[in-house]
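Taking it in order: structure first as structure tokens, then the write-up.
The values are calculated or read from the model by the stated rules, or taken from the named source; none is laboratory data. Just so you know, these numbers come straight off a predicted model, no measurement behind them. Here the Cβ positions follow ideal geometry from the backbone for every residue, glycine too, while neighbour counts run over all protein chains shown. The protein model used for the area step is the full one, side chains on, heavy atoms only, and it has no ligands, DNA or RNA in it. Shrake-Rupley method; radii C 1.70, N 1.55, O 1.52, S 1.80 Å.
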Amino acid sequence: MIRIDRRERTAVVFFDRGEKLNAFNQPLIQRLTQVARDFEHDHEIQSIVLTGTPRAFSSGMDLDDEMWHMPDATDLERRETYYSGVRLCEAWERLGQVTIAAIDGMAVGAGVALALACDWRVAAQDAYLYVPEALVGINLQWGALPRLITLVGPARAKRICLLCEKLAAEQALAWGLLEEVAPAGAAVESALELAAAVNRQPDVAVRMIKEAINATSYALHRATAFADADQSQLSGGFVAARAARDAFLKR
């Protein structure tokens, strides 16, 4: 599911589950989390481009994933599973390297959450972002909500999460969710150009500056999102949420 191309000081991480438009399931989440942890001690790579497939960065969380169906799990096992996405995004956010999400096709729900954990986002002109969690009766989790608010402000964050409108790349750029819009099919190439610019800077300075900016900007993120997976597990069991998921799957 994972392929890593090392190009001098840049690593390009391709993830491809091979089905369901790259929807996240537990094996993919675990693999991507381990990839980020492996880069923590890499002193050669200074920038990382994270991308999915030409059809989709990710269509979100797989609604057939085991997290939705765990009748025999203990409470702790169930909670551990719900927090797997939180740990994934935390692992990518704390990397010392500059991380760039290259988005082709779509980034939906959890796909948006992972992209928000990266430093920058580049999307193809024909790509879009979509947060449909409210349609299935849950909140936006994986620690993504404070990251979203930091980028676009509270009013636009409410519109994105409550109205579940698809954001075309140009609109996402105007709202501050993207750094660049690339020609169709060229998201990775544009991300590599940004990465090359980063690589020309002194490596220690890059890491210190990134850490300082994150520490200043994200100081309250963990404090405000620490229970989002618990909230999602609770709300996902509501009668209205189960009915919403069933309706969503039939669309």
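Worth a mention:
- Overall form of the range 1-97 per C-alpha gyration tensor (a/c, 1.5; a/b vs b/c): oblate
- As a ratio to 2.2 N^0.38 Å, the alpha-carbon radius of gyration for the chain is 0.97.
- Proximal lysine pairs, the chain, alpha carbons under 21 Å, eight or more residues apart or interchain: 4
- Separation of the L163 and A241 label points, Cα + 7 Å toward Cβ, nm: 2.5 nm
- Förster radius 35 Å - calculated FRET efficiency between S217 and F14 (Cβ-Cβ, nearest 0.05): 0.75
- Separation of the T150 and R94 label points, Cα + 7 Å toward Cβ, nm: 1.4 nm
- Taking label positions 7 Å along the Cα-Cβ direction at both I209 and A134, the computed distance is 3.8 nm, reported to one decimal.
- Under 5 Å, built H, 5+ apart or other chain: amide partners of A182: A123, A124, Q125
- Its alpha carbons considered, the range 54-203 gives a radius of gyration followed by a Dmax of 16.0, 52 Å.
- For the chain, size of Cβ-based charge dipole, Lys and Arg +1, Asp and Glu -1, in debye: 460 debye
- Prolate/oblate/rounded call for the range 68-124, Cα gyration tensor, a/c under 1.5 rounded: oblate
- The amide H of T99, built 1.01 Å from its N in the peptide plane, has I48, D119, W120 as neighbours under 5 Å, considering only residues 5 or more places off or on other chains.
- Heavy-atom accessible surface of the chain: percent carbon and sulfur, 1.4 Å: 56 percent
- Surface per residue (accessible, 1.4 Å probe) for the range 22-88, Å²: 46 Å²
- Nearest-10 value in Å² for the accessible area of W120, using the 1.4 Å probe: 80 Å²
- For R245, solvent-accessible area (1.4 Å; no DNA, RNA or ligand), Å²: 40 Å²
- Protein-only accessible surface at a 1.4 angstrom probe places the residues H221, H43 in the order H43, H221, largest first.
- Within the range 121-200, all pairs of alpha-carbon atoms sorted by distance into 10 Å bins from zero give the percentages 18, 44, 30, 8, 0.
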